[in-house]
Amino acid sequence: MHAPLVATVVTAGLLLALAGALVSLLDRTGRTADRVLLLLAGVAEAAVVVQSGVAAAGLIGGHDVRSTPTFVAYLVGNAAVLPFAFAWAWADRNRWSGAVIAIGGVTVAVMTGRLVMMWQGRA
Amino acid sequence: MGEPSVPPVPDAPSTPTPTPTPTPSASTARGAGRVLVAVYAVFAVAAASRASVQLATRFHEAPLAYLLSAFSGAVYVVATVSLARSGVVARRLARAAVTTELTGVLVVGTLSVVAPDDFRHPTVWSLYGIGYGFVPLVLPVVGLWWLRRTATPR
């Protein structure tokens, strides 16, 4: 796995989780909160998409993982997490929308961690 | 100030409600409930996908563990969908699914502690969900609490 991409995804995902949690806990919904969440999610999602593409290329190039279907499912699923999180959160805007986005951020970071383990043959 | 003491009428919802008939209970998928449904959705997709791969590629290795995996996946899917929907039927289904989930994590968790040899192939519920940060143990408790909390009109 591409280390700088992994670092970007995990950092952006966890920052998104933190920001989302704060928006809900402190009840700070509004345009500023939306902008921060969208910016962090945009960075995270872009990095996830590139990361999935690079990993898929590596797989095609001959890199071996223990379970190819699981690995591919993670690559595709990881890119789908944040769009789904935003769709679900934005369909009913309230103070808890931030927490929904936060779940998405944590999920992306955890899935990326699992991807790294699979890539290294540890899972 | 306080809520008016008239029967609850949905006050001009910005999004179209999925069911035409208003239910007497608060929706389980509104407000903080959206966070609960989001967590359930992650577990539903994770458990169901994992079980599909296990059943499709190495079912013969541990039929019981992988069938259990598939069962837990199905329970999470039912819980997610029923919690996300409103109505009496969805609420009843959600309560059944979440109760099954709590029973499952307690039974499988306990069995995996007392008979570890029979549970070497991990499932979501092994060791009370230790592999998933004990979220599988906490989730049904929160789910039942949320179902109870939203059961009365607000």
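Report, to one decimal in Å, the Kirkwood hydrodynamic radius for the protein assembly as shown based on all distinct Cα pairs.
Values: mean 1/r = 0.0497 Å⁻¹.
Taking every pair of different Cα atoms in the protein assembly as shown, averaging 1/r and inverting gives 20.1 Å.
Over chain A, with the other protein chains present, what is the accessible area per residue in square angstrom, probe 1.4 angstrom?
Details: 6080 Å² over 123 residues.
Normalised by residue count, the accessible surface of chain A is 49 Å².
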In sequence order, calculated HN-Hα J values of the range A:64-76 (Karplus, 6.51, -1.76, 1.60; Hz; x Gly/Pro): 9, 10, 5, 10, 4, x, 4, 4, 5, 4, 5, 4, 6
Vicinal HN-Hα couplings computed from phi for the range A:117-123 (Karplus, 6.51 cos²θ - 1.76 cosθ + 1.60; Hz; Gly/Pro x): 4, 5, 4, 8, x, 9, 8
Approximate spin-label separation residue A:57-residue B:113, in nm, with each point projected 7 Å along Cα-to-Cβ: 4.9 nm
Long-range amide H partners of residue B:26 with built H, under 5 Å: B:152, B:154
Highest average packing first - A:50-58, B:90-98, A:27-35, Cβ atoms within 10 Å: B:90-98, A:50-58, A:27-35
CD proxy at 222 nm, helix term only [per DSSP H run n ≥ 4: -39500 (n - 2.57); per residue of chain A; nearest 500]: -28500 deg cm²/dmol
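Tally Lys/Arg at +1 and Asp/Glu at -1 over every other residue whose Cβ is under 15 Å from the Cβ of residue B:78; what's the total?
On the way: positive: B:85, B:91, B:92, B:95; negative: B:101.
Net local charge, residue B:78 excluded: +3.
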Calculated Rg and Dmax of the range A:1-72 using C-alpha coordinates, Å: 15.8, 49
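Just reorder A:60, A:103, B:130 by solvent-accessible area, largest first, 1.4 Å probe, all chains present. If you can, show how the numbers build up before the last one.
Values: A:60 150, A:103 40, B:130 95 Å².
Ranking A:60, A:103, B:130 by accessible area, largest first, yields A:60, B:130, A:103.
Dividing the convex hull volume of the alpha carbon atoms of chain A by its residue count, what do you get in Å³ per residue? Don't jump to the answer; show the numbers that get you there.
Working: hull volume 10.2 nm³, N = 123.
Residue-normalised Cα hull volume stands at 83 Å³.
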Column: log10 I(q)/I(0), Debye, Cα scatterers of the range B:32-149, q = 0.10, 0.23 Å⁻¹: -0.28, -1.28
Sum of side-chain charges, residue A:97 neighbourhood, beta-carbon under 10 Å (Lys, Arg +1; Asp, Glu -1): +1
Cα centroid of the range A:42-76 to Cα centroid of the range B:31-49, whole Å: 23 Å
Within the accessible area of the range B:32-149 (1.4 Å probe), percent carbon and sulfur: 71 percent
Inter-chain Cβ neighbour average for residues B:30-42, partner chain, 10 Å: 6
Average projection area in nm² (convex hull over Cα atoms of the range B:84-123, one quarter of hull surface): 3.3 nm²
Segments B:77-85, A:109-117 sorted - mean Cβ within 10 Å per residue, highest first: B:77-85, A:109-117
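Per-residue mean of other chain beta-carbon atoms within 10 angstrom of the beta-carbon, peptide A:78-87? Can you show the working numbers first?
Numbers: counts 0, 0, 1, 3, 0, 0, 4, 3, 0, 0.
Per-residue shielding by partner chains comes out at 1.
The values are calculated or read from the model by the stated rules, or taken from the named source; none is laboratory data. Predicted, not measured: the structure shown is a model, and the values here were computed from it. For neighbour counting, all protein chains shown are included, and Cβ atoms are generated from backbone atoms with ideal geometry for every residue, glycine included. The area values use the complete protein model at the heavy-atom level, side chains included, leaving out ligands, DNA and RNA. Shrake-Rupley method; radii C 1.70, N 1.55, O 1.52, S 1.80 Å.
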